[in-house]
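One structure is given here, and the rest of the page talks about it.
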There are 2 protein chains.
Amino acid sequence: MGDTIVVQLPLDVTSKTAEIYRTAASLIVTKGFNATSMNDIAAAVGLTKAGLYHYIRGKQDLLFSIMQFAMDVVDCQVLEPASQIVDAEQRLRFILTRHAGMTDQVKAITILAEEVAALNERDRETIIARKRQYFDCVRNTLQELSAEGKLRDLDVSVATLNLFAMVLGLARWYRPDGKLSAEAIAEQTAKLLLEGLLRPASP
Amino acid sequence: MGDTIVVQLPLDVTSKTAEIYRTAASLIVTKGFNATSMNDIAAAVGLTKAGLYHYIRGKQDLLFSIMQFAMDVVDCQVLEPASQIVDAEQRLRFILTRHAGMTDQVKAITILAEEVAALNERDRETIIARKRQYFDCVRNTLQELSAEGKLRDLDVSVATLNLFAMVLGLARWYRPDGKLSAEAIAEQTAKLLLEGLLRPASP
DNA sequence: GTCTATAAACGGATAGAC
DNA sequence: GTCTATCCGTTTATAGAC
């Protein structure tokens with residue numbers, strides 16, 4: 001349970017572009033997309049605004065790229081491994097702890113949750129479709145648990161949305177300098193959710 | 001349990017200013033504060049930008065007023081009645097259902113949670129202080145429950161933050177035209193949280 | 001690749017007529 | 001109270017030199 005997450009990144013982390021994405025993501029998380037200017041981003045990576053434009057097509061495009069990157073991470077770190085777990089309860093446990101445990105490392109996931117409104121229509125559809133895959137995975141898992149009689153008497157869709165609200169909320173208030181480690185918080189959150197969702201083992 | 005919430009508003013709802021607050025709040029919730037221009041707000045209330053300035057001092061001031069209004073509602077609809085409930089478990093139940101049940105009516109509460117960064121320093125301190133009162137009320141309630149042995153083995157602070165994430169998240173995804181009523185969703189959410197937080201009754 | 005300079009548009013806010 | 005017109009700062013984005 002205390003195993004380190006080895007993030008197999010779907011992008012060359014050493015490239016300048018990747019550095020720009022990471023820096024921009026960090027700024028956007030703290031200030032919000034619209035309050036973050038290209039000047040801010042350029043300065044943070046040690047460039048002028050014009051220099052920055054050598055690497056990216058525009059601000060909209062930058063946001064979309066960051067979100068695609070975040071979805072890539074979710075896909076290969078959570079969704080793909082989860083899909084290979086046959087037992088629904090184990091799968092849910094894995095998704096919760098894995099996602100919660102990633103929050104301090106991959107800030108871009110917060111952007112995925114909060115800045116969809118800033119995308120243009122075409123890009124928004126793409127991102128929403130990818131997010132829906134994640135949502136459906138969790139929703140189907142709860143559905144399975146319900147069929148197995150393991151779920152409490154809850155509406156599956158509402159429970160899924162509630163679950164996401166709590167897990168995505170982590171990135172908002174978590175501070176690396178707090179008294180609890182990211183792993184400890186992830187475990188606490190997973191515990192609270194699992195107790196709330198699952199019937200107590202009876203036999 | 002199915003009783004209607006009679007909102008004793010701390011502001012004259014019929015005034016033009018109140019209409020501006022409501023309209024602006026609605027826009028800010030969907031587009032975000034920085035992406036909402038004074039032009040957008042003016043047009044939505046049927047005025048020009050200059051006309052709008054007859055009613056409000058500026059954009060920053062508008063945001064602060066909306067947040068103060070939202071906190072007034074929370075105070076007199078949730079916090080004040082809750083403080084008169086002596087039993088901690090009953091108090092928690094009340095806070096959860098009451099807050100969750102308000103989400104479709106008072107959109108401004110979402111702004112309270114998401115746009116604090118857009119405030120100037122002085123106003124931000126005021127709002128954060130008022131929010132802390134709410135947070136502390138819930139935190140103390142969980143603390144009491146813990147002392148009574150009714151709480152599961154959870155970190156009280158983390159549990160409180162998790163609780164707020166889920167409850168505040170409601171306003172983000174709730175749609176009035178969905179298949180479940182606001183009350184039903186509020187009940188579901190409260191149930192999930194209470195089962196997750198409290199030990200099962202043993203005797 | 002990175003810079004200076006600048007275009008073009010938009011934002012918040014105000015002056016002053018009616 | 002509401003308007004037209006305008007000021008001024010900021011923003012995204014580009015042109016073109018080095």
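Which distance in Å, rounded to a whole number, links the C-alpha centroids of the range B:80-151 and the range A:141-181?
20
For chain B, modelled as a GNM with alpha-carbon contacts under 10 angstrom, which of B:130, B:57, B:93 fluctuates the most?
Highest fluctuation among the options: B:57.
Can you tell me the orientation of helix A:59-74 relative to chain A, as the angle in degrees between its alpha-carbon axis and the longest Cα principal axis, to the nearest 10?
30
Divide the volume of the convex hull of the Cα atoms of the range B:11-56 by its number of residues and quote the answer in cubic angstrom per residue. Can you show the working numbers first?
Numbers: hull volume 3.2 nm³, N = 46.
It comes to 69 Å³ per residue, whole-number rounded.
Below 8 Å, C-alpha to C-alpha, sequence gap of six or more: please give me the relative contact order for the range B:11-56 in percent.
Numbers: 24 pairs, mean separation 14.7, N = 46.
Value for the range B:11-56: 32 percent.
Could you identify which residue out of A:53, A:134, A:21 has the top mean-square fluctuation in a GNM of chain A using Cα springs shorter than 10 Å?
Ranking A:53, A:134, A:21 by mean-square fluctuation puts A:53 first.
Relative to the first principal axis of the alpha-carbon coordinates of chain A, what is the inclination of helix A:156-173, with its axis defined by its Cα atoms, in degrees from 0 to 90 and to the nearest 10?
In chain A, helix A:156-173 runs at an angle near 50 degrees to the longest axis.
Which one, B:82, B:171, B:118, has the greatest fluctuation when you compute a Gaussian network model over chain B with C-alpha springs under 10 angstrom?
Largest GNM mean-square fluctuation: B:118.
Pairs on different chains or at least eight residues apart, Cα atoms closer than 25 Å: how many lysine pairs in the range A:17-167 fit?
Number of lysine pairs found: 9.
For residue B:30, go 7 angstrom from Cα along the Cα-to-Cβ vector, then report the distances to that same point in the other copies in nm, smallest first.
Sorted ascending, the copy-to-copy spacings read 3.3 nm.
I need to check one value: relative contact order of the range A:132-203, counting alpha carbon pairs closer than 8 Å and at least 6 residues apart, in percent.
Contact order relative to length: 39 percent.
In nm, one decimal, shortest first: how far is the label point of residue A:57 (7 Å from Cα along Cα to beta carbon) from the matching points in the other copies?
4.5
Dimensions of the range B:1-112 along principal axes (Cα, Å, largest first)?
52, 25, 24 Å, listed from the longest principal axis down.
What 222 nm value per residue comes from the helices of chain B, counting each DSSP H run with n ≥ 4 as -39,500 (n - 2.57) and dividing by all residues, nearest 500 deg cm²/dmol? Could the numbers behind the result be given before it?
Numbers: 9 runs with 126 residues, N = 203.
That calculation yields -20000 deg cm²/dmol at 222 nm.
Pull out a ≥ b ≥ c, the square roots of the eigenvalues of the alpha-carbon gyration tensor of the range A:59-197, then state rounded if a/c is under 1.5, prolate if not and a/b is larger than b/c, and oblate in the remaining case. Show your work: numbers first, answer last.
Details: a/c = 1.93, a/b = 1.31, b/c = 1.48.
It comes out oblate by the Cα gyration axes.
Please compute the Kirkwood hydrodynamic radius of the protein assembly as shown from all pairs of different C-alpha atoms, in Å with one decimal. Don't skip to the answer; put the middle values down first.
Working: mean 1/r = 0.0440 Å⁻¹.
For the protein assembly as shown, the Kirkwood estimate is 22.7 Å.
May I ask for the angle, rounded to the nearest 10°, between helix B:88-102 and the longest principal axis of chain B, with both axes built from Cα atoms and the value confined to 0 to 90°?
Approximately 30 degrees, to the nearest 10.
Which whole-number percentage describes the relative contact order of chain A, with Cα contacts under 8 Å and a sequence gap of 6 or more? Mind showing how you got there, number by number?
Numbers: 164 pairs, mean separation 47.5, N = 203.
Once divided by the residue count of chain A, the mean separation gives 23 percent.
Readers should treat all values here as calculations from the given coordinates under stated rules, not as data from a laboratory. What you see is a predicted model, and the numbers here were worked out from it, not measured in a lab. No Cβ is skipped: glycine too gets one built from the backbone with ideal geometry, and neighbour counts run over all protein chains shown.
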